[in-house]
Amino acid sequence: MSEEKFTEHWKVTTFTDNPTFPFVIFDNWYTPEQEKAIWKELDFISTPSREETLRAETTIVAKDSETKEPLSKAYRYYLEDYYGKRSVSPILNCMYKQRTPEFHKILKDNCLPYARSFLATNRDSTLLSYYEDNDHYRPHFDSFMWTCLIWMVRDRDLFTGADFWFPEPDVEIKLKNNRMVMFPSCYKHAVNPLKFHKTPKEMGYGKYTITHFYYAVPEGPSIKELTEGSSNENK
């Protein structure tokens with residue numbers, strides 16, 4: 001995919017009224033060319049039948065602290081299981097945007113002091129969720145440093161619900177195709193239940209959520225290497 005000036009497509013909305021919970025929304029996150037490629041990848045990944053697709057309830061997922069029941073009800077795809085080379089995936093190949101100076105400036109201007117932790121991240125992980133009838137995700141937080149959600153929807157008129165919600169500042173974000181929301185992973189967040197007017201025979205007409213998790217792994221000599229070095233010096 002060509003790297004046309006992606007920032008020209010962005011429409012950025014900042015939420016800084018509550019300084020405890022600042023976050024940013026990017027509409028038109030993918031350029032038109034990138035969006036076409038993303039849809040081809042989503043269609044490819046969604047080829048297996050519903051019966052052959054993982055459910056969040058049977059994978060690693062946030063659980064109720066008391067009942068231990070899964071908080072998520074949705075289909076799941078782990079992109080790292082599909083590719084041996086990240087650059088062949090349009091979804092993964094578009095992640096360069098989160099590492100650009102333009103993106104960093106928006107976070108620093110609107111999400112301090114939390115933005116500092118994002119700038120310190122050096123690893124990421126990607127999860128694809130797909131919501132159909134009655135699927136949802138109850139309030140939870142992620143065990144990473146920053147969470148990036150990108151929503152892809154073919155036809156919003158086919159269903160109701162599936163909007164996003166931050167419970168603690170009590171802010172709802174309406175579902176919109178090619179919309180991205182970026183926030184510290186410690187924020188509690190949820191997805192309201194999706195309800196089809198008429199359930200489609202084929203998968204792919206509900207809500208896709210592309211989730212990028214960001215975290216940090218210490219770099220430099222390991223504890224073992226440092227210990228061995230000290231031992232050698234003492235000999």
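Out of region 72-97, which residues are aliphatic (A, V, I, L, M) and either touching a helix residue (DSSP H, G or I) at 6+ places or on another chain (Cβ under 9 Å) or on the phi > 0 side of the Ramachandran plot (or both)?
Correct list: ALA74, LEU79, ILE91, LEU92, MET95.
Could you check SER129 against (1) of a type outside the set (Phe, Trp, Tyr); (2) buried (at least 19 other Cβ atoms within 10 Å of the Cβ); (3) in a helix (DSSP H, G or I) and say which number it fails?
(3)
Would you pick out the residues in region 124-161 that are touching a Gly at 6+ places or on another chain (Cβ under 7 Å) and either of a type outside the set (D, E, K, R) or closer than 21 Å to ASP64 by Cα (or both)?
Listed by number, the residues that qualify are TYR130, TYR131, PHE159.
Looking at SER72, SER46, which one is modelled with pLDDT of 95 or more, polar (S, T, N, Q) and under 16 Å from SER129 (Cβ atoms)?
Result: SER72 is the single residue among SER72, SER46 that is modelled with pLDDT of 95 or more, polar (S, T, N, Q) and under 16 Å from SER129 (Cβ atoms).
Starting from residues that are among the aliphatic types (A, V, I, L, M) and under 24 Å from ASP124 (Cβ atoms), keep the ones in region 154-187 and report whichever is surrounded by the fewest Cβ atoms within 10 Å (Cβ to Cβ).
Residue satisfying both the conditions and the ranking: ILE173.
Please enumerate the residues belonging to region 167-182 that are touching a residue at least 60 places away in the same chain (Cβ under 8 Å) and more than 22 Å from GLU69 (Cβ to Cβ).
Within region 167-182, PRO169, VAL171, ILE173, LYS176, ASN178, ARG179, MET180, VAL181, MET182 meet the criteria.
The values are calculated or read from the model by the stated rules, or taken from the named source; none is laboratory data. These numbers were taken from a predicted model, which means no experiment stands behind them. When we count neighbours, we look across all protein chains shown, and the Cβ atoms used for this are built from the backbone with ideal geometry, even at glycine.
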